1. Based on the Cβ-Cβ distance of GLU31 and ASP9, what FRET efficiency does E = 1/(1 + (r/R0)^6) give at R0 = 30 Å, to the nearest 0.05?
2. Once you place label points 7 Å from the Cα toward the Cβ at LYS2 and GLN18, how far apart are they in nm?
3. Express in Å², to the nearest 10, the accessible area of LYS29 obtained by rolling a 1.4 Å probe over the protein heavy atoms while all chains stay in place.
Amino acid sequence: MKSRPRKPDPAIAKRALQEAADRRAEKDKAELEAPKEKELSGRKGPDPTRYGDWENKGIISDF
């Protein structure tokens, strides 16, 4: 005779969701407070990832 799987405890699920939300909030706060480094010797013009390809010395590679 097969036993039925137990239903998850709602209190545990709520606590896990709250912990995940707290971790996300801490991560977002840390990202906002961290100084952003300026790129050195970067490309000029629009970001190539926005258009889905890279151009380097006249050669375009799609990815």
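The values are calculated or read from the model by the stated rules, or taken from the named source; none is laboratory data. It should be emphasised that the depicted structure is a prediction, and the values quoted were computed from it without experimental measurement. Cβ sites come from the backbone with ideal geometry, for glycine too, and all protein chains shown count toward neighbours. Keep in mind that these areas ignore ligands, DNA and RNA; they rest on the heavy atoms of the full protein, side chains included. Shrake-Rupley method; radii C 1.70, N 1.55, O 1.52, S 1.80 Å.
1. Working from the Cβ atoms, E equals 0.35.
2. Rounded to a tenth, the inter-label distance reads 3.6 nm.
3. 120
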